[in-house]
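Take a look at the structure below.
The values are calculated or read from the model by the stated rules, or taken from the named source; none is laboratory data. Remember, it's a predicted structure, so these values are computed and weren't measured experimentally. Using ideal geometry, Cβ is built from the backbone for each residue, glycine included, and neighbour counts are taken over all protein chains shown.
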Ligand code: HEM
């Protein structure tokens with residue numbers, strides 16, 4: 001009986017654990033980013049597969065919608081920036097997010113034109129923009 005309870009408890013933890021982690025974003029901006037993350041992973045996997053272009057475009061739209069929504073928030077790191085520089089920091093974040101969206105638009109256009117190799121190349125730049133954005137605007141203690 002004891003063993004059985006342990007088994008049930010373990011099964012519950014295993015089942016609920018990943019769900020709890022998925023909803024684990026600490027900020028509203030973090031929650032938008034989490035949504036971008038799942039879609040971006042799938043796009044990276046299938047960008048060169050033209051038979052998946054319809055799905056790739058749907059996932060790119062998810063990234064775009066969440067990136068657009070991200071512009072309405074301010075990075076948590078703002079609180080670590082001297083008050084006099086905060087406005088510049090937030091403006092820089094928004095400008096970089098806008099550039100990110102422009103780049104994403106180029107990927108969408110290439111996929112729509114069935115130019116998958118070209119889309120793949122631009123997607124690498126999207127990945128670079130993600131890294132640069134995180135380096136500059138995300139708190140050090142955050143994962144990824
Ligand atoms: C494909 C593109 C991107 C993906 C997949 C992505 C993904 C993520 C993930 C998974 C997190 C952690 C979220 C959490 O707290 O649980 C995060 C955080 C963050 N990302 Fe991104 N990101 C992308 C692009 C960008 C860009 C372009 C910028 C800035 C211009 C940016 C700025 C941030 C910031 C500031 C945070 C910390 C959240 C906060 O301060 O509240 N990200 N991102």
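Structure notes:
- The residue list 102, 118, 80 contains one member that is under 19 Å from residue 27 (Cβ atoms) and either more than 10 Å from the ligand (Cβ to nearest atom) or at pLDDT below 95 (or both), which is 80.
- Any hit, the stretch 105-128, residues being surrounded by 14 or more Cβ atoms within 10 Å (Cβ to Cβ), assigned to a helix (DSSP H, G or I), within 14 Å of the chain's Cα centre (by Cα) and touching a residue at least 12 places away in the same chain (Cβ under 8 Å): yes
- Selection status of residue 86, within 23 Å of residue 28 (Cβ to Cβ) and more than 10 Å from the ligand (Cβ to nearest atom): yes
Each row is one residue, and each column tells you yes or no for (1) within 13 Å of the ligand (Cβ to nearest atom); (2) closer than 17 Å to residue 126 by Cα; (3) at pLDDT 95 or above.
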residue	(1), (2), (3)
19	no, no, no
23	yes, no, no
42	yes, yes, yes
52	no, no, yes
55	no, no, yes
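- Any hit, the stretch 58-65, residues being near the ligand (Cβ under 9 Å from one of its atoms) and under 19 Å from residue 28 (Cα atoms): yes
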